[in-house]
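Some notes on the structure that comes next.
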Amino acid sequence: MFDSQKLAFENFVLGYKDGVYIFTKDGCHACEDYKREIEWINNCYLYFVEVTTDEERAILSKILDRTAFPITVGYLDNQIKFIRQGILFEKDWAEVHKFLETFPENPLTPDEIQKRIEKQKNRCLLTYYAIPQEIQGLERQAILEKGIGYNEFPIDIDSVCPGLPAKDRERMLEGCYHFAKLVLWKGGTYSNFTNDIILGYTINNQEITFIERDLSEVK
């Protein structure tokens, strides 16, 4: 194992994430057994992260939505690709090894990391747009086209399969509540369906604040 493969928890949280991360907890016998099984692997994209405090465990739980150790996580360009709990044996580890083989032989340079971060900043995120029902036609289209300037992929809530029953339409949207953004365009009244989506979104994302924008920003 390279010295660079030992990663402090703070550096994991603050750093650019690319590779496989093994999270272990102090005093966990299964974690120690797991580390002994794989620490011989010299791969600059395989990291061992020791979680030592209750605060660190709470932060990791929010990031991964997992609490049992050890945890193996695959990241690609700051995006989680898989999460595995417990000791990984031959077949499961073979999948992790295959993922590691997709990375280059040498670690990324600081310049390469910075370029990737800049590219990610321009990545468009799925975003629900609550648009006043008085806004129609070209005005509504202009609001949607504004999304690219905010790095958003806008979904006009009212336009989602309007011929279906409201419950079916809501079911189509609620699956993305936890990772979609929500933008409220102010300057009129929303339809009953849009109000229901706003309510459902806020109930499921109590720690996330939706974004409010004025229609004057479109002009």
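Any aspartates and glutamates with Cα under 15 Å of the residue 146 Cα? List them, leaving off those in the same chain fewer than 8 positions away. Of all the aspartates and glutamates, those that pass the test against residue 146 - Cα under 15 Å, at least 8 places apart if same chain - are 156, 212, 214, 217.
A straight line joining the Cα centroids of the range 133-148 and the range 29-100 runs 45 Å. Looking at the P(r) of the range 59-142, how many percent of alpha-carbon pairs lie beyond 20 Å? Value for the range 59-142 (Cα pairs over 20 Å): 60 percent.
In the range 92-219, the ratio of gyration radius to Kirkwood radius, Rg to Rh, stands at 1.12 when only Cα atoms are counted.
Give me the number: length gained by fully extending residue 101 to residue 33, i.e. 0.36 nm times residue separation minus the C-alpha to C-alpha distance, one decimal in nm.
Numbers: separation 68, 0.36 × 68 = 24.48 nm, distance 2.38 nm.
Result for the pair: 22.1 nm of gain on full extension.
Listed as lacking a disulfide-compatible partner in the chain: 44, 124, 161, 176, by the criterion of no other cysteine Cβ under 4.7 Å. Listed by chain and number, the aspartates and glutamates whose alpha-carbon sits under 12 Å from that of residue 167, ignoring those within fewer than 8 places in the same chain, are 196.
Stokes-Einstein D for the chain at 37 °C, 0.692 mPa s, Kirkwood Rh over Cα pairs, in µm²/s? Walk me through the numbers before you get to the answer.
Details: Rh = 20.4 Å.
Reported coefficient: 161 µm²/s.
Would you mind telling me the antiparallel percentage of the DSSP bridges in the range 1-134, rounded to 5? If I count the DSSP bridges inside the range 1-134, around 60 percent turn out antiparallel. For the range 124-218, the relative contact order is 38 percent, taking Cα pairs closer than 8 Å that sit 6 or more residues apart in sequence and dividing their mean separation by the residue count.
Using just its DSSP H runs of length 4 or more, each adding -39500 (n - 2.57), the chain gives a mean residue ellipticity at 222 nm of -11000 deg cm²/dmol after division by all residues.
Full-extension gain between residue 209 and residue 83, please, as 0.36 nm times their residue separation minus the C-alpha to C-alpha distance.
Net length gain for the segment: 42.7 nm.
Here the range 3-119 is described by how far its Cα atoms reach on the three principal axes: 39, 32, 25 Å, from widest to narrowest.
Using Cα-only point scatterers and the Debye equation, what is log10 of I(q)/I(0) for the range 156-219 at each q in 0.15, 0.20, 0.21 Å⁻¹, rounded to two decimals? Values, matching the q order: -0.49, -0.84, -0.91. Could you name the lysines whose alpha carbon sits less than 26 Å from that of residue 81, not counting residues in the same chain fewer than 8 places away? Within reach: 6, 17, 25, 35, 62, 91, 98, 115, 119, 121, 181. Normalised by the number of residues in the range 61-176, the mean separation of alpha-carbon contacts (under 8 Å, six or more apart) gives a relative contact order of 16 percent.
None of the figures in this text is laboratory data; all of them are computed from the coordinates on show. The structure displayed is predicted, hence computed values, not measured ones. Here the Cβ is made from the backbone with ideal geometry for all residues, glycine too, and neighbour counts use every protein chain on show.
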